[in-house]
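The values are calculated or read from the model by the stated rules, or taken from the named source; none is laboratory data. Keep in mind that what you see is a predicted model, and the values were worked out from it rather than measured. Here the Cβ positions follow ideal geometry from the backbone for every residue, glycine too, while neighbour counts run over all protein chains shown. Side chains included, ligands, DNA and RNA excluded: accessible areas come from the protein's heavy atoms. Shrake-Rupley method; radii C 1.70, N 1.55, O 1.52, S 1.80 Å.
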Amino acid sequence: MAELRRLASAVIQLGFAGDDPPGWLQRALADGLGGALLWNRDGAAETVAALRSENPGVLVAMSEAGGSQDWPANGALGVLDPATTGKVASAIGHDLAAAGIAMKYAPVADVNSNPFNPIIGTRSFGSSPGPVASHVVAYVEGIQATGVAACVKHFPGHGDTSLDSHLGLPTVGTDAGELFDGPLRPFRAAAEAGARAMMTAHIRLPAIDDLPATLSRTLLTDILRGELGYDGLVVTDALEMAALERAYGLEESAVAAIAAGADALFLGGWQDPAAGLTRVRDALIAAVSAGRLPEERLAEAAGRVSGLSAWCDRARSTDGHATATGIGRTAAHDAIRVTGTITPLRTAPHVIELAPPWGVRGLRTPWGLLAAMTRRWAGTTGERVDREGLQPAAIPADRPLVIVVRDAYRHPWVGAVLTATLQARPDATVVEMGLPVGQAPRCAAYLTTSSATAVSSEAVADLLTEPRRP
């Protein structure tokens with residue numbers, strides 16, 4: 001029973017949001033917990049050291065698939081050459097390696113073929129399988145050259161969905177004939193490039209299987225391992241997400257995922273992490289004891305987790321390279337596209353941010369332009385309009401006006417406010433920090449960043465204060 005308990009613990013990857021591991025987590029690590037994911041990047045090196053002091057072989061991962069505040073989102077990298085993506089991934093890898101991080105839950109390999117997809121957006125490199133595949137390969141090769149494993153996600157492709165899997169189970173209508181040349185193409189390329197890990201999607205692909213991909217042996221074993229030839233670690237997306245939890249429950253999802261071919265079970269840890277860990281571990285033990293899950297399959301999964309951790313320990317770079325190279329800032333600058341003419345600011349601007357509620361728990365990163373402009377121009381004023389029905393307050397007539405939006409095409413009220421404001425101030429500059437879908441608005445200058453991270457905000461502020469010259 002002790003060996004079975006160890007194997008069950010080894011396949012669990014638990015999200016952790018603090019700096020100091022609590023007592024229950026320390027005990028779980030000593031008991032063989034296989035992996036931990038850090039949500040908080042600050043103080044990562046100290047946190048990793050504390051985790052590894054209890055279990056030197058623990059596989060420690062980091063998220064930030066949409067672009068951390070220090071790096072542009074994949075949407076921005078997707079408008080540049082894949083070589084830039086490789087350089088950014090390498091710089092990220094060096095930073096993570098220096099902190100002892102073994103794996104990053106990135107890159108997103110989803111082809112964002114449905115622009116109204118509520119969850120992928122600028123996390124994707126683009127809407128065409130070929131270019132997305134090229135950027136995915138560049139990212140995988142760049143980060144893994146530093147000894148940090150890439151975890152490519154979300155297999156078999158979350159880009160053509162209309163529902164967020166955090167909230168329900170999306171269904172993808174792609175037929176079997178379109179699958180390999182469409183959403184699977186970046187995953188095949190990642191497998192061929194030697195990606196060390198892949199994450200599953202909680203989506204239904206009825207043309208292949210009625211079960212969600214995370215629970216589908218057809219998708220994980222027959223297609224991913226068989227037809228794509230992938231032999232690395234398979235990680236599930238968070239099992240607490242409604243796409244699985246509502247229909248199957250946490251325990252049954254865990255058992256079914258391992259049986260289908262997954263190797264590591266990710267628990268986001270945003271509910272009750274200690275209880276979730278116990279429930280999943282005990283469910284696996286009970287399933288093996290009852291003959292529902294072969295112990296050899298559980299042992300195989302645990303072996304892949306420990307094997308990847310060992311590879312990272314051997315390959316991790318320690319050359320001290322850091323984000324000071326400026327590659328992220330340069331990429332954010334280069335990704336900005338401008339329609340119209342930027343008029344150099346001569347006085348402090350007024351900034352309006354049209355900001356509808358955005359994203360799920362792990363994706364709610366600060367965004368906007370007001371703070372960045374305020375740092376450059378004393379006297380900058382502005383407001384954030386964040387609810388339908390609200391209108392901007394009085395706009396100073398004698399000040400330059402900058403209007404900032406994110407995925408304006410998704411939200412009719414944002415488009416209506418933008419149009420009305422531009423009728424009164426056609427001299428305004430508009431900055432789109434999400435996906436630039438549809439026609440450019442009629443304004444003096446229209447800037448698109450395809451990224452809403454802090455480094456992209458700073459790049460826009462640079463451009464507005466010192467416009468690029470031909």
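Tabulated values for the structure
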read-out	value
Neighbourhood charge, 13 Å Cβ-Cβ cut-off, centred on Ile285 and excluding it, Lys, Arg +1 and Asp, Glu -1	0
Peptides ranked, highest mean first, by Cβ atoms within 10 Å: ranges 440-449, 384-393, 156-165	156-165, 440-449, 384-393
The stretch 73-79 - phi-based ³J(HN,Hα) in whole Hz, Karplus 6.51/-1.76/1.60, Gly and Pro as x	5, 4, x, 6, 4, x, 8
Beta bridges by DSSP in the chain, antiparallel share as percent, to the nearest 5	10 percent
Cα long-axis angle, helix 454-465 against the chain (0 to 90 degrees, to the nearest 10)	20 degrees
Folded to 0 to 90 degrees: helix 44-54 orientation relative to the chain principal axis, Cα	10 degrees
Net +/- balance of residues flanking Met433 in space, Cβ distance below 11 Å, scoring K and R +1, D and E -1	-2
Accessible carbon and sulfur surface of the stretch 212-339 relative to its total accessible area, %, 1.4 Å	48 percent
Per residue accessible area of the chain, 1.4 Å probe, in Å²	38 Å²
Between helix 82-99 and the chain: long-axis angle, C-alpha atoms, 0 to 90°, nearest 10	60 degrees
Calculated [θ] (222 nm, deg cm²/dmol) that DSSP helices of n ≥ 4 give over the chain, each run adding -39,500 (n - 2.57)	-11500 deg cm²/dmol
Accessible carbon and sulfur surface of the stretch 35-100 relative to its total accessible area, %, 1.4 Å	51 percent
Gap separating the Cα centres of the stretch 79-150 and the stretch 384-401, nearest whole Å	36 Å
Simple spin-label estimate for Glu227 and Met1 in nanometres, 7 Å along Cα-Cβ	4.4 nm
Net charge over other residues, Cβ less than 12 angstrom from the Cβ of Ile352 (K, R count +1; D, E count -1)	0
Estimated dipole of the chain in Debye, rounded to 20 [Cβ of Lys and Arg +1, of Asp and Glu -1, Cα centre]	900 debye
Amide H contacts under 5 Å for Val404, placed H, 5+ residues apart	Ile352, Glu353, Leu354, Val431
Alpha-carbon centroid distance for the pair the stretch 270-293 / the stretch 183-211, whole angstrom	25 Å
